[in-house]
């Protein structure tokens, strides 16, 4: 595929925009804190045995040996596949490995957005730049989060679903296993929408990963991981949840989550002729019902907006989505002009309501018909 001169111009603009956006964010945010935890767990696995990657004493000791100023140690509670993923980077000096990881995450997400988009002209690049230059993407890159790769899975799966390549879409969706709480409803929503091969492939991929985990971690490692998941939530991880935003806890929170799952699945069934729209519904539902989230997890919200930008071309939708990207700009955040963290879930609630209402609205416009045609 030949890239035109105009496309190169827009790619250059995207790179410059993101580079400028990194600067205000990096000045007041920790660097590589999450990646350091991943790398420490990988080193524990290589040096002490994989069953011990959830031994937090060993993980903390491994982090302390990585000399990074002003960075605190934190427990490793990610799925084991995250530690496996960074194993090749253990051969490099720390800052080299972090640089490779950050660049890989950014380039992979950018490439996925450019490849998967179906819009043309300036509208295509508004969506790409808006997605990449949001503060949550900056945060994810800064701390070395794995969540951009989950976002990549959503973007590529959306394109594959449009092309009816269901097995490939199911394989790509296995990236959800890197951080399941951010997009766990997506495969189940696609199942309800009738994309059975997508779901079956995703389950098969998960089964392979689970088998490898059992073989490498053993019963002790699996038990340690389950105990971590059943323990207290990570500190400062509830601002983006129903608790932090709406004050729902205990029974009320559980009831709300059950209702959200029901709404998402019912909407997915209604949208079974438009699987591309099922993804943003399920992504937003996953974020709303998650018991814990960090700011970088909003990468999934940005990707849901990108999918809607491609699916819904009506001006009302695109203006609203563009406004959301503007509010998420890292240029506004240091000035206090961006919504606080516990206000962003209300954007998710509003978006889910709009998607649900839209799913039951009769088709009236050519844009809607065009949206459903490729499914």
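The values are calculated or read from the model by the stated rules, or taken from the named source; none is laboratory data. Fair warning: this is a prediction, and the values are worked out from it, not measured in the lab. Here the Cβ is made from the backbone with ideal geometry for all residues, glycine too, and neighbour counts use every protein chain on show.
Below, the figures for the structure above:
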item	result
Criterion violated by residue 148 - all others in (1) farther than 20 Å from residue 241 by Cα; (2) surrounded by 24 or more Cβ atoms within 10 Å (Cβ to Cβ) satisfied	(1)
Residue among 302, 296, 286 that is more than 29 Å from residue 164 (Cα to Cα), in a helix (DSSP H, G or I) and within 17 Å of the chain's Cα centre (by Cα)	296
Some residue of region 170-177 being over 26 Å from residue 292 (Cβ atoms) and in contact with a helix residue (DSSP H, G or I) (Cβ under 8 Å, 6 or more places away or on another chain)	yes
Complete set of residues in region 119-168 that are at pLDDT below 90, more than 27 Å from residue 85 (Cα to Cα) and part of a loop (DSSP other than H, G, I, E, B)	119, 120
Meets criteria (outside any loop (DSSP other than H, G, I, E, B) and free of Cβ contacts under 8 Å to residues at least 12 places away in the same chain) for residue 262	yes
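Okay, residues lined up against (1) surrounded by fewer than 17 Cβ atoms within 10 Å (Cβ to Cβ); (2) at pLDDT below 85; (3) within 21 Å of residue 295 (Cα to Cα):
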{"position": "37", "(1), (2), (3)": "no, no, yes"}
{"position": "70", "(1), (2), (3)": "yes, yes, yes"}
{"position": "75", "(1), (2), (3)": "yes, no, yes"}
{"position": "78", "(1), (2), (3)": "no, no, yes"}
